[in-house]
Amino acid sequence: MPREYVGEQIAIGWEPKLCIHAAECVRGMPEVFDTQSRPWVTVENAFDRADELAGLIARCPSGALSYRRLDDGPAESPDAADDHAVHVAIQPDGPLYVRGDLTLKDAAGGVVRDGLRVALCRCGDSQNKPFCDNSHIAAGFAAP
Ligand code: SF4
């Protein structure tokens with residue numbers, strides 16, 4: 001279950017095990033996402049900017065961040081032009097960023113994750129497979 005940080009217009013979910021510190025969030029809205037603060041997410045600092053915050057969260061490549069709108073704003077939807085399309089972006093020396101309307105299943109057909117964004121291990125060293133956990137960095141994985 002994600003941790004949740006609840007504001008008036010939007011609630012932010014965060015799953016630490018999925019976070020690969022790509023830092024889209026801290027670069028995009030440092031007044032909301034500050035790793036030096038506890039809690040590190042302060043939703044109130046984006047008061048009246050729920051759309052901007054939602055757009056930023058949708059850029060989190062791992063799916064560690066998610067949101068629930070508490071106002072009339074739209075829920076996140078697949079960002080592909082065709083809602084059934086899945087897009088895979090290979091990161092140099094790193095994971096696969098996958099976006100779309102996703103259901104990730106294990107070999108037995110069990111659902112591992114439903115979501116819109118995941119970062120999948122490509123180096124084989126992740127301790128959180130199938131998800132990336134940044135082990136490729138320590139492993140010196142090279143696949144540009
Ligand atoms: S953008 Fe997502 S993966 Fe990157 S630091 Fe923020 S929560 Fe973690």
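Read-outs throughout are calculated quantities, based only on the coordinates presented, and are distinct from any laboratory measurement. Because the structure is predicted, anything quoted here is derived from the model rather than measured. Glycine also receives a Cβ, built like all others from the backbone with ideal geometry; neighbour counts cover every protein chain displayed.
Annotations for the structure displayed:
- Put a plus charge on the Cβ of each Lys and Arg, a minus charge on the Cβ of each Asp and Glu, and nothing anywhere else: the dipole of the chain about its Cα centre is then about 600 debye.
- In region 3-69, a dipole from Cβ-located charges (positive for Lys and Arg, negative for Asp and Glu) runs towards its positive end, and of 6, 32, 63 it is 63 whose Cα lies farthest in that direction.
- For the pair residue 114 and residue 48, label points projected 7 Å from Cα toward Cβ lie 3.7 nm apart.
- In nm, spacing of pseudo-spin labels at residue 89 and residue 68 (7 Å Cα→C-beta vector): 2.8
- What the phi angles of region 49-58 give under the Karplus curve with 6.51, -1.76 and 1.60, with θ = phi - 60°, is a coupling list of 10, 4, 5, 4, 5, 4, x, 5, 4, 5 Hz, glycine and proline written as x.
- Förster radius 41 Å - calculated FRET efficiency between residue 37 and residue 82, Cβ distance, rounded to 0.05: 0.55
- Neighbour counting of Cβ atoms within 10 Å sorts the residues 131, 141, fewest neighbours leading, into 141, 131.
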